[in-house]
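The values are calculated or read from the model by the stated rules, or taken from the named source; none is laboratory data. Quick caveat: nothing in here was measured; it's all calculated off a predicted structure. Backbone-built Cβ (ideal geometry, glycine too); neighbour counts: all protein chains shown. The accessibility values were calculated without ligands, DNA or RNA, using every heavy atom of the protein model including side chains. Shrake-Rupley method; radii C 1.70, N 1.55, O 1.52, S 1.80 Å.
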Amino acid sequence: MSDRIVVTGGAGYIGSHVCVELLSRGASLLVIDNFANSHPEAVTRIQEIANADVVLLERDMADPAHKTDIVKAVKDFRPDGGIHLAGLKAVGESVAEPARYYSVNIGSALTLIEALEAANARTIVFSSSATVYGEDNANPVDEAGATAPTNPYGRTKYFIEDMIKDIARSDDKWRAVNLRYFNPVGAHPSGKIGEDPNGLPNNLFPFIAQVAVGRREKLSVFGNDYPTSDGTGIRDYIHVSDLARGHAAALSYLHQQETGCAIDVNLGTGVGYSVLEAVAAFKRASNRDIPYEIVPRRDGDIAEIYANASLAQKLFNWRAEKSLKEMCADHWRWQSQNPDGYTD
Ligand code: UD1
């Protein structure tokens with residue numbers, strides 16, 4: 001791959017794995033990150049793993065004062081396209097501060113779109129989420145499933161998807177894929193990069209991992225009275241390295257398109273696991289105890305969701321390959337080698 005790609009949010013959990021994947025395929029990268037929820041050390045480690053350098057621009061995609069710099073840097077980089085991952089992602093915080101979520105997430109996406117337009121590189125892969133689906137879909141959920149995000153964070157993802165489609169409709173030079181990720185977990189097999197959440201983790205895997213490593217006493221399991229096999233919520237966990245390959249596959253697909261397009265594509269395994277199955281798998285992989293207690297359901301959670309990922313297979317020739325066991329083993333390697341994340 002001789003592509004030149006702009007990766008916004010490239011130092012983050014998913015972004016860092018995307019960078020490693022693209023670099024290992026020979027791409028050149030301009031990473032734009034403001035390190036709001038990521039660490040410069042991640043960029044150092046990306047370069048170590050891939051044995052290649054990236055161009056790093058430390059700027060805030062949503063700050064109007066940074067826009068001129070960003071547009072110029074992107075233009076000077078002469079990219080073939082961009083992958084947009086920069087944004088805020090905490091559901092609870094988005095309910096408390098919706099205006100900030102709309103401003104940062106939508107503002108960031110618009111800045112990249114403007115910069116790519118100025119660079120005459122109208123190809124974009126957007127980091128969307130299965131959170132855009134409501135709870136009324138039958139599983140497995142395909143891309144035609146009803147969309148009804150339940151919180152401001154989810155609505156920013158949904159609005160950006162639509163915005164990208166409007167832009168593509170107005171100008172057929174645009175080629176776009178909105179990747180609807182299911183639940184990304186795991187880490188690069190080297191254990192050098194992984195998820196390093198700020199403060200109390202919101203998501204299941206980073207929480208389990210911090211319990212396993214002794215940073216937290218026990219996991220709270222949010223409800224065991226769902227209509228599922230063991231009563232706990234079921235999700236489609238996908239290894240972050242499989243997800244990263246999905247981005248490379250989406251870019252290759254877009255580069256082959258001769259006319260404009262904007263499509264939504266699920267990235268998941270197609271298999272759902274319950275919270276208690278995930279805990280048991282992590283326990284086996286880490287050989288550590290994971291104490292937990294059952295607490296009431298978390299507001300906004302749904303019982304069960306997993307992907308129909310056949311569109312990604314059909315269009316991109318991509319499918320998830322890594323098992324839950326590998327997700328747990330790799331997540332644990334990262335957590336045990338970096339008990340305090342990037343700050344140690
Ligand atoms: C959450 C977000 C979603 C976001 C995704 C990113 C909500 C409602 N949804 O999805 O918008 O795109 O993360 O990965 O926050 N669980 C526990 N204890 C915990 C944490 C989670 O029991 O401490 C359970 C949840 O109830 C759920 C499962 O584990 O059944 C997965 O939760 P989580 O990792 O937070 O992902 P989602 O809720 O699917």
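Do you know which of the residues in segment 57-87 that are aliphatic (A, V, I, L, M) and under 24 Å from GLY246 (Cβ atoms) is farthest from the chain's Cα centre (by Cα)? Here the residue is VAL74.
For segment 33-42, the count of residues that are at pLDDT 95 or above and assigned to a strand (DSSP E or B) is at least one. Screening segment 111-136 for residues that are more than 24 Å from SER252 (Cα to Cα) and within 14 Å of the ligand (Cβ to nearest atom) and picking the one that is farthest from the chain's Cα centre (by Cα) gives GLU135. Scanning segment 1-32 for residues that are open to solvent by 30 Å² or more (accessible area, probe 1.4 Å) and in a strand (DSSP E or B) yields ARG4, SER28. The set of residues in segment 120-162 that are open to solvent by less than 20 Å² (accessible area, probe 1.4 Å) and aliphatic (A, V, I, L, M) comprises ALA121, ILE124, VAL125, ALA130, VAL132, VAL141, ILE160.
There is at least one residue in segment 226-245 that is among the acidic types (Asp, Glu), open to solvent by less than 30 Å² (accessible area, probe 1.4 Å) and under 23 Å from ILE193 (Cα atoms). Is it the case that some residue within segment 289-307 is within 14 Å of the ligand (Cβ to nearest atom), open to solvent by 30 Å² or more (accessible area, probe 1.4 Å) and at positive phi? Scanning segment 289-307 turns up at least one residue that is within 14 Å of the ligand (Cβ to nearest atom), open to solvent by 30 Å² or more (accessible area, probe 1.4 Å) and at positive phi.
Selection over segment 316-344 of residues that are modelled with pLDDT of 95 or more and surrounded by fewer than 16 Cβ atoms within 10 Å (Cβ to Cβ) gives a count of 6. Return the residue satisfying two criteria in turn: it lies in segment 45-102 and is among the hydroxyl-bearing types (Ser, Thr, Tyr) and open to solvent by 60 Å² or more (accessible area, probe 1.4 Å), and of such residues it is nearest to the ligand (Cβ to nearest atom). Among them, the one singled out is TYR102. Of the residues in segment 185-194, not one is in a strand (DSSP E or B), touching a Ser or Thr at 6+ places or on another chain (Cβ under 8 Å) and open to solvent by 40 Å² or more (accessible area, probe 1.4 Å). Do we find a residue being within 16 Å of the chain's Cα centre (by Cα) and touching a residue at least 12 places away in the same chain (Cβ under 8 Å) anywhere in segment 211-234? The answer is no; no qualifying residue exists. The set of residues from segment 225-249 being in a loop (DSSP other than H, G, I, E, B) and touching a Lys or Arg at 6+ places or on another chain (Cβ under 9 Å) comprises ASP225, TYR226, GLY233. Filter segment 137-167 down to residues that are among the acidic types (Asp, Glu) and outside any loop (DSSP other than H, G, I, E, B) and give me whichever is farthest from the ligand (Cβ to nearest atom). Only one residue fits best here, namely ASP166.
From the residues in segment 198-210 that are in a loop (DSSP other than H, G, I, E, B) and in contact (Cβ under 8 Å) with a residue 24 or more places away in the chain, which one is nearest to the ligand (Cβ to nearest atom)? Across segment 198-210, the extreme among qualifying residues is ASN202.
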